[in-house]
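What follows is a single structure, written as structure tokens, with notes after it.
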Amino acid sequence: FVPTRERPVRAKSRQLKQDTDIEPHSHAWAQVVVCASGVARITAGHSTYLVPAWRAVWIPPQIEHLVTVVEAAELRTLYVHQDAGPAWRGCRVLEVSALLRELMLQMDVGMDGSESMQPAALERERRLGELALDELRRAAPVRLGVDLPQDKRLRTLCEAVLRDPSRHATLEGWARETAASPRTVARLFRQQLDTSFGPWRQQVLLAHALRLAAQGRPMRLIAAELGYASPSAFSAMVRRAVGQPPSRFFATA
């Protein structure tokens, strides 16, 4: 499935069980990772992305990344030759249009990755790939991604929040788990991530909310599960974080 100048966009699909880990690796080419079903957590560079069904993560060439399957997932991937795709230098989460979704589904049909495909099949792959790249360039970015620190103590705390963000509502509660003072943890957040704990945790909550919305949960239940006193308080957080009401932000989920 290695993309070439002659075949610049290749498609691959895999069924992965929950808790499957794909070890850290990198490619000379870019890739677009989408869950057709289920949820995957993709860690690339210094950020991690909790991606529900039909949100895409763009990973540029040479960026080391790993994939953890949070819920049993059908993972669909486009491998894009380094000279063919968008010139985005960093990872980003993208909305997947209905057309791009169908293109990704069609590119996997009857295209087994072999170099001995018939000319007609190769030409179909090329045309579908060109259109997929055009849709990618048009895709709206989604402000969804969580930065991760290098400091081991803070990384342990951040990983715990990612697993269960509603276990503690305050920095003090999380700090107790790491046997560090809230002041020390707050300082590490500023030094390592150039932010404070509150806005960072909001990004985690948004990612989990998107996953719950993809499961069909109503907003009031999502708000309660994430520890908000009321749906209106949850809605206010979403508006502050992404500049959209929940009804719009979660619509494609």
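Annotations
- Antiparallel DSSP beta bridges within the stretch 17-102, as percent of all bridges there, nearest 5: 95
- Residue ranking by accessible heavy-atom surface, 1.4 Å probe, largest first, among F249, F1 comes out as F1, F249.
- Cα centroid separation, the stretch 49-103 to the stretch 209-231: 25 Å.
- Rounded if a/c under 1.5, otherwise prolate or oblate - the stretch 129-187, Cα gyration tensor axes: prolate
- FRET efficiency estimate (nearest 0.05) - Cβ-Cβ, Q215 to A160, R0 25 angstrom: 0.65
- In the chain, the portion of solvent-accessible area held by carbon and sulfur atoms comes to 49 percent [1.4 Å probe, whole percent, DNA, RNA and ligands not counted].
- Cα gyration tensor, the chain - rounded (a/c under 1.5), prolate or oblate: prolate
- Overall form of the stretch 85-180 per C-alpha gyration tensor (a/c, 1.5; a/b vs b/c): prolate
- Under 18 Å from the T170 label point (7 Å along Cα→beta-carbon), backbone N, the stretch 216-236: 227-229
- The calculated 222 nm mean residue ellipticity attributable to helices in the chain amounts to -12500 deg cm²/dmol, summing -39500 (n - 2.57) over DSSP H runs of n ≥ 4 and dividing by all residues.
- Multiplying the residue separation of V2 and S230 by 0.36 nm and removing their Cα-Cα distance gives an extension gain of 77.2 nm.
- Stretch gain in nm, segment H46-L105, where the contour uses 0.36 nm per residue and the Cα spacing is subtracted: 18.2 nm
- Solvent exposure ordering (accessible area, 1.4 Å, most first) of C35, C91: C91, C35
- Rounded FRET efficiency, nearest 0.05, which uses the C-beta distance separating A72 from A179 and R0 of 30 Å: 0.25
- Over the chain, accessible surface divided per residue gives 49 Å², non-protein components excluded, 1.4 Å probe.
The values are calculated or read from the model by the stated rules, or taken from the named source; none is laboratory data. From a predicted model like this one, the values you see are computed outputs, not experimental measurements. Cβ sites come from the backbone with ideal geometry, for glycine too, and all protein chains shown count toward neighbours. Heads up: the accessible areas ignore ligands, DNA and RNA and are worked out on the full protein's heavy atoms, side chains in. Shrake-Rupley method; radii C 1.70, N 1.55, O 1.52, S 1.80 Å.
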